[in-house]
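Below: the structure, in structure tokens.
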Amino acid sequence: MPNEPIRRSDIPAWDCYQLLEEQRVGRLTIIENGYPVAIPVSYRMAGDHADRRIVVRTAPETTLAQYEGRASFEVDHIDEQARTAWSVIARGMLHKLFGGDELPDPQPWLIDGRHQWLAISVVAVSGRRFVGRPADEQPGLEWRFA
């Protein structure tokens with residue numbers, strides 16, 4: 001008997017923001033030469049309910065630092081053994097920031113020259129959660145005696 005099918009459910013917006021708050025690395029997607037490009041970045045959430053922002057730091061000469069406009073940001077977690085996963089996508093406008101003193105430091109893994117601050121002003125967020133039977137869990141057998 002095969003494993004139970006994966007169940008999918010939507011994650012409410014408040015829970016999406018909580019998951020974004022808890023993580024520190026995600027993928028920032030921009031358009032480069034007409035194609036979407038996902039770039040892994042360290043990040044922090046900033047702002048409040050009315051003005052949520054995803055803050056990153058990069059070097060000024062990077063493709064990311066040169067871009068301003070529509071962008072999306074994805075964070076997810078996958079546990080193959082437990083067959084559980086979740087994924088959150090935030091959408092908004094990416095823009096340069098000047099003077100990031102009042103913002104939480106994203107603490108990028110690579111720090112040399114990473115003094116260009118950027119932020120996505122979030123306009124929409126959505127998420128999905130996936131749950132299935134663990135791969136190592138065997139289906140139970142029901143014995144019947146005649």
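Key figures
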quantity: The chain: relative contact order as a whole-number percent, Cα under 8 Å and 6+ apart; calculated: 32 percent
quantity: Computed label-point distance, nm, for sites Thr62 and Glu21 using a 7 Å Cα→Cβ extension; calculated: 2.6 nm
quantity: Rounded to 10°, Cα long-axis angle of helix 13-22 versus longest principal axis of the chain; calculated: 70 degrees
quantity: Distance histogram for region 10-131 (every C-alpha pair counted, 10 angstrom bins, percent rounded to whole numbers); calculated: 13, 46, 31, 9, 0
quantity: GluC sites (Glu not before Pro) lying in DSSP loop within region 39-104, provided at most 14 other Cβ fall within 10 Å; calculated: Glu61, Glu68, Glu80, Glu102
quantity: Pairwise label distance in nanometres, Ile6 with Ala50, each label 7 Å out on the Cα-Cβ vector; calculated: 4.0 nm
quantity: Full-extension gain in nm, Tyr35 to Glu102, via 0.36 nm per residue minus C-alpha separation; calculated: 20.8 nm
quantity: Phi to ³J(HN,Hα) by Karplus 6.51 cos²θ - 1.76 cosθ + 1.60 over region 29-39, Hz, x for Gly, Pro; calculated: 10, 10, 9, 10, 6, x, 10, x, 10, 9, 10
quantity: Hypothetical label at Arg70: residues of region 78-97 whose amide nitrogen lies under 14 Å (7 Å Cα-Cβ projection); calculated: 91-94
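Only the coordinates and a few stated rules stand behind these numbers; no lab work does. Just so it is clear, the model here is predicted, and its values are computed rather than measured. Don't worry about glycine lacking a Cβ; one is built from the backbone with ideal geometry, like all the others, and counts go over all protein chains shown.
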